[in-house]
Amino acid sequence: MTSYDYLIVGGGQVSDDAARGVREKDRDGSIGILSDDVDAPYTRPALTKKLWTDPEFTEAQVPLGTAEATGATVRLGARVTAVDPSGREVVTADGEHIGYGRLLLATGSEPQGLPGDEDEDVIVFRSFADYRALRRRAQPGARAVVVGGGYIGSELAAALVQNDVEVTLCYPQEVLGGEQFPTRIARRHQQLFEDAGVHLMPGRRVDETRRRADGALEAVLDDGTALTADVIVVGLGATPRVDLAARAGLEVREGVVVDTRLRTSDPSIWAAGDIAEYPDAILGRTRIEHVDHARASGDAAGRSMAGDDAPYDHTPYFYSAIFGTSWEAIGSVRAELRTHEVDLDAQRMVVYYLDEQKRPVGVLLWNVEGARDRARQVLADAPTDPEQLDGRIR
């Protein structure tokens, strides 16, 4: 039976940083990465951003070079179906048993699809392979329907329209970004898409996709409207893949429960990235799905597996960038929360999201750079008077 000192299940961003983290502490231990992807670990944010908008950033820059940098054995198309903590082994879909000394679960999230027959022109977007499939279809003049107004949907709608694709964006909110941003910013956000020529369908959900008898592809909305497209791109969010951990008997709530060193209820198993429910030093116990957390928690888990006692004390941020406008956020950023808004100038704004005691629980930095640490400090030392926030970030 093949066995590794350090075995990582999952081949996303976490696996790369975890392997590098292991190597910081252990130069010789064997590292195995089991990935059900068809590509070795790669940088995911580029799939909806730089690959579409920066001509100097190419597909060759997407792979992270994990095996070359760390000596890890990366096995692609290897889907793990079971973990046996007592035997310290995992089982793959083809029945192979692989042993481990220490195991990291980095299984990521499963993208949400739509009802309808499987169709190669309906792309539930998540992977590098999905990017390549969409890029082949994103010819000038092609018609694309993008489903979902969150990170993936909005970034892809922006990417496609900037590549001369005719884009229709369908989303359930009345204003694009309205589930996160205060009304003033949400309207500004939506205007960026209108000005770029994206056809917006607010307040609409796509119920299914289908092929007509004449072969045309359609997205059917909840009001019965059928939108014809050459390609339909689905960006409806994702669900953490925690089933493997749950079946192994690990403690699972909203995610796989870990301690400050990202160790699970089994002392030989760690979890990081999307699936980890961890005790954040500022935000409390939480689960975060963004790349900053994937990178930082992957590195921390790798070092922890290799004997480092330092806690995972990084509070992650999340971000997006479209049409030359960027924003970053830390903490709870939900439109239903009360907000305290501070205009820095005509283009830049800081929004503080407040709890019932009027303490900030989230910070949105709209076109504000270099202020993440100050935002973290605001949340760590939260004033109870919103007026005290006016000068905290300038």
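Details
- Residue list for region 33-51, filter: farther than 21 Å from Arg261 by Cβ and either charged (D, E, K, R) or surrounded by 23 or more Cβ atoms within 10 Å (Cβ to Cβ) (or both): Leu34, Ser35, Asp36, Asp37, Asp39, Pro41, Arg44, Leu47, Thr48, Lys49, Lys50
- Matching residues in region 353-381 - criterion: being over 14 Å from Val333 (Cα atoms) and surrounded by 19 or more Cβ atoms within 10 Å (Cβ to Cβ): Val368, Ala371, Arg372, Val378
- Among the candidates Arg102, Arg136, Arg132, Arg143, residue that is in the same structural domain as Asp17 (by TED's automatic domain parsing), among the basic types (Lys, Arg) and at pLDDT 95 or above: Arg102
- The requirement of being touching a residue at least 12 places away in the same chain (Cβ under 8 Å), assigned to a helix (DSSP H, G or I) and either under 24 Å from Gly197 (Cβ atoms) or not basic (Lys, Arg) (or both) is satisfied by Ala69.
- Residue check: Leu344 meets all listed conditions (1) out of contact with any His (no Cβ under 7 Å at 6 or more places or on another chain); (2) of a type in the set (A, V, I, L, M, F, W, C); (3) under 17 Å from Gly284 (Cα atoms) but one, namely (3).
- Scan of region 52-71 for residues that are exposed (fewer than 12 other Cβ atoms within 10 Å of the Cβ) and not polar (S, T, N, Q), ordered by number: Asp54, Pro55, Glu56, Ala60, Gly65, Glu68
- Counting only helices (runs of 4 or more DSSP H) that sit wholly inside region 81-199, those with at least 2 residues that are exposed (fewer than 14 other Cβ atoms within 10 Å of the Cβ) are 128-137, 183-196.
- Within this structure, Ile152 fails the test of being under 24 Å from Arg241 (Cα atoms) and in contact with an Asp or Glu (Cβ under 6 Å, 6 or more places away or on another chain).
- Unique match (being assigned by TED's automatic domain parsing to the domain that holds Ala19, under 23 Å from the mean Cα position of the chain (by Cα) and either in contact (Cβ under 8 Å) with a residue 60 or more places away in the chain or not in a loop (DSSP other than H, G, I, E, B) (or both)) among Ala301, Ala329: Ala301
- Cβ-Cβ under 8 Å pairs, at least 6 apart or on other chains, region 349-377 side assigned by TED's automatic domain parsing to the domain that holds Thr339 and on the phi < 0 side of the Ramachandran plot, far side among the small types (Gly, Ala, Ser) and in a loop (DSSP other than H, G, I, E, B): Val350/Ala371; Tyr353/Ser332; Arg359/Ala382; Pro360/Ala382; Val361/Ser332; Val361/Ala382; Gly362/Ser332; Leu365/Ala371
The values are calculated or read from the model by the stated rules, or taken from the named source; none is laboratory data. If you're wondering where the values come from, they're calculated on a predicted model, not measured in any experiment. Methodologically, a virtual Cβ is constructed for each residue, glycine included, from the backbone with ideal geometry; neighbour enumeration extends over all protein chains shown.
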